[in-house]
Each structure stands twice: as C-alpha cells, then as structure tokens.
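Here is the structure we will look at, set down as structure tokens.
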Amino acid sequence: VIDLDKVKAEEFAKGLSEHYLIKAKGIRCDVSSPVEVQTMVECVVNSFGEINILHNNAGGKSLNIEACFAPFEDYNLDTWREMMSVNIDGMFLVAQAVGKRMIEQGKGGVIVQTSSMYGLIAPDQRIYEGSQYMGCQMNSPASYTVSKAAVIGLTKYLAAYWSDKGIRVNCMSPGGVESGQTKLFKQKYSARVPMGRMANRDEMVGALIYLASDASSYVTGENIVIDGGVNAW
C-alpha cells in the first residue's frame, strides 16, 4: 500500500493483514519524485521478493484549492504543473520503475491504471453550480481532464510497447464516486447518470480484479468505464 501519508498507508496495510490473514506493507512515497519511486520499488521487492501486479492509482488536487478551481482563462501554470506532477508524471514514474522490474523478473505482469470518465468526455460544469469544496465554488478543471486523458494514452502505449514482455496494461475509468459530496451536487450529478445515482467505491473492485487476474489474460490496452452509463448519453 503506497501513499504520501505513511501512517495511513501503514494503518490500511495492517487492516488488510488482519482481515485477510495475509502479509501487507504500507510504504510512504511521493510518486512525483523519481528517487522516492525507486526507493519504494526496492522496498516492495525486499519485502515480497518480486512485483507481479501494479494498480497505478495515485491522483490528487492542488494544495491551493482556490487556484485549482480557477477559471481556465486565469489558470496558473504552476497549479497546472502541480496537478500533472501526480496525475500523469507519477503514473509514468511508477509504471516505468515497476515495468522495468517486471522485465528483469522475466515472468510478465499486470499493470492497471486509474483514469476517469473525464479522460474521455468533458465535464458538465452545470452540475457543480451552487456546490462548494473547502469554501470554494467547485468545478472540474481542465488540468484534471487532460491528465486523465493522458493516463489512457499512456496505457495504450505501454500495452503495445511491453506486449512482447508478457506485461498486460489496462485502464479503468470511474465516474463520480460518492464520498461526502453535498446533497445538491449528488442530485445534479445523479440526474446526468442513466442509473440515476453516484457510484459506491466498492463498485470499482470488480473491474480491478478482472483486469488484474487471468480472467482477462487476452485483454490489454483497454479502458473499462465504470460510470453508470454516462458515456451512453
């Protein structure tokens, strides 16, 4: 379990160990740092011997929420780069380091990357009107959409590039997942979804297990969209 917050990573790993009676380890890593990513991979290998599956899942917002939600016309380049440093640079660095390790092991492997439905379609900014996040008017910035589209592109590139190494690379793109949003936002968002609601986070698990397992042994370069049908409209 890799996270910027070491304590939370260790607590989550402990919970996994106790619930599933398995070995799990929590490791701190800033995925935007090449040095920390390399150290993290070495720590995983030292603890488990090898790496067979990677869920490349890191993502985040700017530390400056007001700047993150600024209009596109006024968007700051530093904020743009801050978002990209995690959402796509981090994906690149972790996939690179883990993929190299998988090639050295000579056993192939599986990489599943997390994008978003907004990597495929533009957000409907109207659903954010009247809703706030940490005191700021919410929206979905271009930096998020562009970074998530890049994840899908990276997925397809690596699927072809590492196909002869036995490494499958796929992607999953969730829609909106309920995580304490305001009632107004949930109502507006749900009205845009054929299934009429936001997702529960557990509903992402099935697609991840499928892509990580031999059930998808002939699947690579694909993007599974888990959005309740938004892309159908």
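The values are calculated or read from the model by the stated rules, or taken from the named source; none is laboratory data. Note that the structure is predicted; figures quoted are calculated from it, not measured. Neighbour counts are summed over all protein chains in view; Cβ atoms, including those assigned to glycine, are modelled from backbone coordinates with ideal geometry. Surface accessibility is based on the protein's heavy atoms, side chains included, excluding ligands, DNA and RNA. Shrake-Rupley method; radii C 1.70, N 1.55, O 1.52, S 1.80 Å.
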- If you scan region 115-126, which residues turn out to be among the hydroxyl-bearing types (Ser, Thr, Tyr) and out of contact with any strand residue (DSSP E or B) (no Cβ under 6 Å at 6 or more places or on another chain)? 118
- Message: Condition check: under 25 Å from residue 201 (Cα atoms) and not polar (S, T, N, Q). Does residue 101 satisfy that?
- Response: no
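Here are 107, 148: which of them is among the charged types (D, E, K, R) and closer than 24 Å to residue 228 by Cβ?
On the way: 107 fails: closer than 24 Å to residue 228 by Cβ.
Testing whether each residue is among the charged types (D, E, K, R) and closer than 24 Å to residue 228 by Cβ leaves just 148.
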- Which members of region 175-209 meet the condition of being within 20 Å of residue 56 (Cα to Cα), out of contact with any Asp or Glu (no Cβ under 7 Å at 6 or more places or on another chain), of a type outside the set (Asp, Glu) and touching a residue at least 12 places away in the same chain (Cβ under 8 Å)? 176, 177, 201, 204, 207, 208
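Residue-by-condition table, conditions (1) buried (at least 18 other Cβ atoms within 10 Å of the Cβ); (2) closer than 30 Å to residue 73 by Cβ; (3) under 13 Å from the mean Cα position of the chain (by Cα):
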{"position": "154", "(1), (2), (3)": "yes, yes, yes"}
{"position": "164", "(1), (2), (3)": "no, no, no"}
{"position": "169", "(1), (2), (3)": "yes, no, no"}
{"position": "198", "(1), (2), (3)": "yes, yes, no"}
{"position": "212", "(1), (2), (3)": "yes, no, no"}
{"position": "230", "(1), (2), (3)": "yes, yes, no"}
- Run down 106, 59, 90 and say which single residue is under 15 Å from the mean Cα position of the chain (by Cα) and modelled with pLDDT of 95 or more. 90
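Residues checked against (1) aliphatic (A, V, I, L, M); (2) in contact with a Gly (Cβ under 6 Å, 6 or more places away or on another chain):
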site	(1), (2)
90	no, no
108	no, yes
118	no, no
121	yes, no
124	no, no
- Given the conditions (1) assigned to a loop (DSSP other than H, G, I, E, B); (2) open to solvent by less than 30 Å² (accessible area, probe 1.4 Å), which single one is not true for residue 54? (1)
- Query: Which members of region 92-117 meet the condition of being more than 13 Å from residue 57 (Cα to Cα) and either in a strand (DSSP E or B) or open to solvent by 20 Å² or more (accessible area, probe 1.4 Å) (or both)?
  - Reply: 96, 100, 101, 103, 104, 105, 106, 107, 109, 110
- Query: Given the structure, is residue 216 open to solvent by less than 20 Å² (accessible area, probe 1.4 Å), small (Gly, Ala, Ser) and under 24 Å from residue 133 (Cβ atoms)?
  - Reply: no
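Counting only residues that are within 30 Å of residue 186 (Cβ to Cβ) and free of Cβ contacts under 8 Å to residues at least 24 places away in the same chain, how many does region 213-232 have?
Filtering region 213-232 down to residues within 30 Å of residue 186 (Cβ to Cβ) leaves 222-232.
Those left that are additionally free of Cβ contacts under 8 Å to residues at least 24 places away in the same chain: none.
So the count comes out to 0.
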- Filter result for residue 178 (under 27 Å from residue 66 (Cβ atoms), among the acidic types (Asp, Glu) and surrounded by 13 or more Cβ atoms within 10 Å (Cβ to Cβ)): yes
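Identify all residues within region 200-210 that are open to solvent by 60 Å² or more (accessible area, probe 1.4 Å), in a helix (DSSP H, G or I) and out of contact with any helix residue (DSSP H, G or I) (no Cβ under 7 Å at 6 or more places or on another chain); write none if there are none.
Step one: list which residues in region 200-210 are open to solvent by 60 Å² or more (accessible area, probe 1.4 Å), which gives 200-203, 205, 209-210.
With in a helix (DSSP H, G or I) added as a condition, the list becomes 201-203, 205, 209-210.
Listed by number, the residues that qualify are 201, 202, 203, 205, 209.
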